[in-house]
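**Student:** Provided herewith is a single structure, encoded as structure tokens, for subsequent inquiry.
What follows draws every value from the coordinates through simple rules; no lab data is involved. Owing to the predicted nature of the structure, the values given are computational and were not obtained by experimental measurement. Cβ coordinates were reconstructed from backbone atoms using ideal geometry, including for glycine residues, and neighbour counts include every protein chain displayed.
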Amino acid sequence: MKGINSKIKTVWGISEVGFSITATLETAFFIFFLTDVAQLPLAISGIIAGGASAVDIISAAIAGVFINKFHFKNGKYRPWLLYAPLCAMVFFILCFTKIGGDITAGIIIAVGYIISHFFWNISYTAVRSLTNVLTDEPSERAFLSGRLGAGAALGRVCASQLVPWLTAALATLVSGVGAYTICAAIFSLIYIACMSIQYIVTKGYDTETKSDAGKTVSFKAMGKNVITNPHLIGVVLHDLLRLIAYYTVAAGTAYYAKVVLGDPAASGTILMVYYIGCFIGSFVAARVAKAIGTKTATIVGVAGWLILWAIAFFIQPDYLVLNILLFASQIFFGFAYGLTVNLYSMCATWSYWKTGENTTGVTMSLMPGAVKVGVTLRAIILPAFLAFVGYDAAATTFNVAAQAGIFQMYFLLPIVLLLISLIPLIFMFKIKDSDIPVMSEEIENRGSGDLVAKSRAD
């Protein structure tokens, strides 16, 4: 397997900038759009966000099956970087519309969400699957993983500033809802352009190995290879729990700024600080992994955020201290976030080595699946919390109970989730970075099935 070239090193992660700009509009502003811009009832908003996200979890798995079953003339993974974003664009725009009454609008938004996210999942999984065919060198995989994380964080930085500015500017020309609709269209075009660049620079890499050529994997085998992979199960559980924490903070920032800080405009700055910290951590994640290993670097990253967020919870920081602690915590978390793709990639390599069956697409699709579950649970938790504390979108002042409820959601819930997330990672994920080149060489050299039998017996 050849290593990555200079073009890939230069622009790798650009796909995530475009994807994350678009995704942040949904993860950080979608519920706010439903409740405060479209002014849908909290019950309908919760059903839309929670129900559509739940269906999206299933679509993430289906996306992996799609990728595993189809092989185009110009590659197995790369073509989806062109096709999927084009299909996603139209339906994503519908997520930020309000057509008809509350129920009709809710149905249209939910349909747009489900279909657009299906195609999102395909492109997202395809990019991550490419890491397995670009190189088998641990430091290069860590580099690719870190750049994807950095690109995602950079996209969030851009979106955190662009969304408030762009929607405010557009609202002077069209309605508030219309401003979000146009914003979704602009971001979708950026997403398409960035994915196209990633497609171009990876030309010539997306080919089958000798041991993979001509083989098809049954649906049964795909499922079996997932549930019998203890390393993967540990990674998924860890990823899911920490992502619920991550997206709770991201989506809760708008409400924290409005209710606790009393300054709705502060959310843009807080989110920018949040994402810049994660960008820096993700950017250097490969160096940290090279020094102490992927697993250890991930543990350090999550533990760092946990400790700093616990400090914030106990001292109840003002605006300035909050931003300092948030920035530092996300530098730590960036180590973990930037290595996420590498963790899943290591699990995919182990599965291929162990079974002789290439289910990389399905394995990597569990990564967006974890994201979707995290977003789904966030979508359920936030409206429930808001309803429980008596949040009123039209209010300008809030009682002590509302402030305390939002404060606990913002700090205490992520602390508990991050702590629990470390357990499956520590005790279930056992693959070392040094194992990957050995496994990859065996996979590449297989020609008959003898090694498959040997690996099963080991």
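**Student:** Calculate, for THR296 and ASN399, the FRET efficiency according to 1/(1 + (r/R0)^6) with r their C-beta to C-beta distance and R0 30 Å; round to the nearest 0.05.
**Tutor:** On the way: r = 45 Å, r/R0 = 1.51.
Between THR296 and ASN399 the formula returns 0.10.
**Student:** Using the alpha carbon gyration tensor of region 49-196, what are the three equivalent-ellipsoid semi-axes (square root of 5 times each eigenvalue), largest first, in whole Å?
**Tutor:** Details: eigenvalues 185, 77, 32 Å².
Gyration-tensor ellipsoid for region 49-196: 30, 20, 13 Å.
**Student:** Hey, another quick one. Would you kindly state how much longer the chain becomes between TYR83 and ALA265 on full extension, computed as 0.36 nm times their sequence separation minus their alpha carbon distance, in nm to one decimal?
**Tutor:** Length gained between TYR83 and ALA265: 61.8 nm.
**Student:** Stokes-Einstein D for region 187-345 at 37 °C, 0.692 mPa s, Kirkwood Rh over Cα pairs, in µm²/s?
**Tutor:** Details: Rh = 18.4 Å.
The calculation lands on 178 µm²/s.
**Student:** Express in nm, to one decimal, how much length is gained between GLN39 and PHE70 on full extension, taking 0.36 nm for each residue of separation and deducting their alpha carbon distance. Please list the in-between numbers first.
**Tutor:** On the way: separation 31, 0.36 × 31 = 11.16 nm, distance 4.20 nm.
That pair, GLN39 and PHE70, stretches by 7.0 nm at full extension.
**Student:** Between region 113-148 and region 176-190, what is the separation of their alpha carbon centroids in Å?
**Tutor:** 25 Å
**Student:** If I model a spin label at LYS432 and ILE99 as a point 7 Å from the Cα along the Cα→Cβ vector, what separation in nanometres do I get?
**Tutor:** It works out to 5.8 nm between the two label points.
**Student:** Where does each of LYS290, LYS295 land when they are ranked from fewest to most other beta-carbon atoms within 10 angstrom?
**Tutor:** Values: LYS290 15, LYS295 22.
So the ranking, lowest neighbour count to highest, is LYS290, LYS295.
**Student:** Would you order LEU189, LEU386 from fewest to most other beta-carbon atoms within 10 Å of each residue's own beta-carbon? List each step's numbers first, then the result.
**Tutor:** Values: LEU189 13, LEU386 24.
Ranked by crowding around the Cβ, least crowded first: LEU189, LEU386.
**Student:** For the chain, what does the helix formula give at 222 nm: sum of -39500 (n - 2.57) over DSSP H segments with n ≥ 4, over the residue count, nearest 500 deg cm²/dmol? Walk me through the numbers before you get to the answer.
**Tutor:** Numbers: 18 runs with 361 residues, N = 458.
Here the helix-only value at 222 nm equals -27000 deg cm²/dmol.
**Student:** Same structure again: Over 20 Å between C-alpha atoms is what I'm after, so list which of LYS7/LYS432; LYS9/LYS203; LYS73/LYS354; LYS220/LYS354 land there. Kindly include the intermediate steps, with their values, before the conclusion.
**Tutor:** On the way: LYS7/LYS432 28 Å; LYS9/LYS203 14 Å; LYS73/LYS354 28 Å; LYS220/LYS354 16 Å.
Correct reply: LYS7/LYS432; LYS73/LYS354.
**Student:** Here is a further query. Which value in Å does the Kirkwood hydrodynamic radius of the chain take, with 1/r averaged over all unlike C-alpha pairs and then inverted?
**Tutor:** One over the average 1/r among Cα pairs gives 22.2 Å for the chain.
**Student:** Cα extents of region 284-399 along the three principal axes, largest first, in whole Å?
**Tutor:** Largest to smallest, the principal-axis extents are 61, 31, 17 Å.
**Student:** Would you mind calculating the relative contact order of region 12-448 from Cα pairs under 8 angstrom and at least 6 residues apart, reporting the percent as a whole number? All intermediate terms of the calculation are to be shown ahead of the outcome.
**Tutor:** Working: 757 pairs, mean separation 120.5, N = 437.
The value is 28 percent.
**Student:** For each of GLU26, GLU441, GLU357, GLU16, count neighbouring Cβ atoms within 10 Å of the residue's Cβ, then give the residues from fewest to most.
**Tutor:** Values: GLU26 24, GLU441 13, GLU357 19, GLU16 28.
Neighbour counts put them in this order, fewest first: GLU441, GLU357, GLU26, GLU16.
**Student:** Nothing charged except the Cβ atoms of Lys and Arg (+1) and of Asp and Glu (-1): what's the magnitude of the dipole of the chain about its Cα centre? Round to the nearest 20 debye. Can you show the working numbers first?
**Tutor:** Working: 30 positive and 23 negative charges, 181 e Å.
Taking the Cα centre of the chain as origin, the dipole is about 860 debye.
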